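The values are calculated or read from the model by the stated rules, or taken from the named source; none is laboratory data. Not measured: the values here are computed from a predicted model. In this analysis, Cβ positions are derived from the backbone assuming ideal geometry, glycine residues included, and neighbour counts consider all displayed protein chains. These area figures cover heavy atoms from the full protein model, side chains too; ligands, DNA and RNA do not enter into them. Shrake-Rupley method; radii C 1.70, N 1.55, O 1.52, S 1.80 Å.
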Amino acid sequence: MTNLQVRRRGRVPTISRESVARAAIGLGFEDLTMSTVAASLGVKHSSLYRHVGSRDDLVSMAIDLMASEAKWPTPGADWREYLEKFTDVMWTMYEEFPGVAPELQRLPAPPSSVVYIFAASTEALIDFGFDPESAVLIVDTISALTIDSYMNAYRLRISRMKPLKPEAVSQTRFAQNPPGPLNVKNPDGLEKLLSLAFDTDGKAWWLRKRALLLDGISARLSSNPPGSEFVLGGPTEAG
């Protein structure tokens, strides 16, 4: 065996920020640690710190890469269809990568790709005729609705809770039925309806909430007089 062969066998694997991020994505976010990423790359734990400053940095890198490579929709002829497709991509990402939604909520600052996507979707709504402030408000609201709805279902799944049955809702929600204005007059009739909102299959309920939000925007849009600019707080005369 030559000295060259000995040196090659002992060579430390070459890693980069991208390879570290891809390793984190491959391992998943629910049990992600610096040590598990280092092991998957075949390097020492200390080697990661040349590319990653902390676990938060690691998570941010991974989400940044995921978001930049996701197939976000291009604006078509209809703003509502665009927002539906936009949030469909978000929900699919949360489902395909369990743990990414809570990590995204936990990070002290959003990854750069997330900010860029938010800005691009806002510009898309402006091009549809929304005023800038309303465009930001709509994107922020529908994005928050999507991740919050997913997290409601996610928390139930990770706690291994089964979908709440009507009688379970009755026990948890109406066991202490307070007097006065908060008193529930018809708990039996509400049990089944309330169980829908606490079902572990949150997607169907989220789609209904999204439709309600978009219906409200459509109603506001249709109430604006011709030649006016769409503003959520009310119409303002254009020009």
- How about region 117-225: which helices (runs of 4 or more DSSP H) wholly inside it have at least 2 residues that are open to solvent by 70 Å² or more (accessible area, probe 1.4 Å) and modelled with pLDDT of 95 or more? 132-158, 202-222
- Note on the structure: Subset of region 64-111, residues of a type in the set (S, T, N, Q) and free of Cβ contacts under 8 Å to residues at least 24 places away in the same chain, comes to THR74, THR92
- Task: From (1) assigned to a loop (DSSP other than H, G, I, E, B); (2) under 23 Å from the mean Cα position of the chain (by Cα), pick out the condition that doesn't hold for ASP57.
- Result: (1)
- Taking the condition of a type in the set (A, V, I, L, M, F, W, C), at pLDDT 95 or above, open to solvent by 60 Å² or more (accessible area, probe 1.4 Å) and farther than 19 Å from ASP148 by Cβ, does TRP72 pass? yes
- Within region 76-93, can one find any residue that is open to solvent by less than 40 Å² (accessible area, probe 1.4 Å) and outside any helix (DSSP H, G or I)? no
- Select, from ASP64, ASP31, ASP56, the only residue that is of a type in the set (Asp, Glu) and open to solvent by less than 50 Å² (accessible area, probe 1.4 Å). ASP64
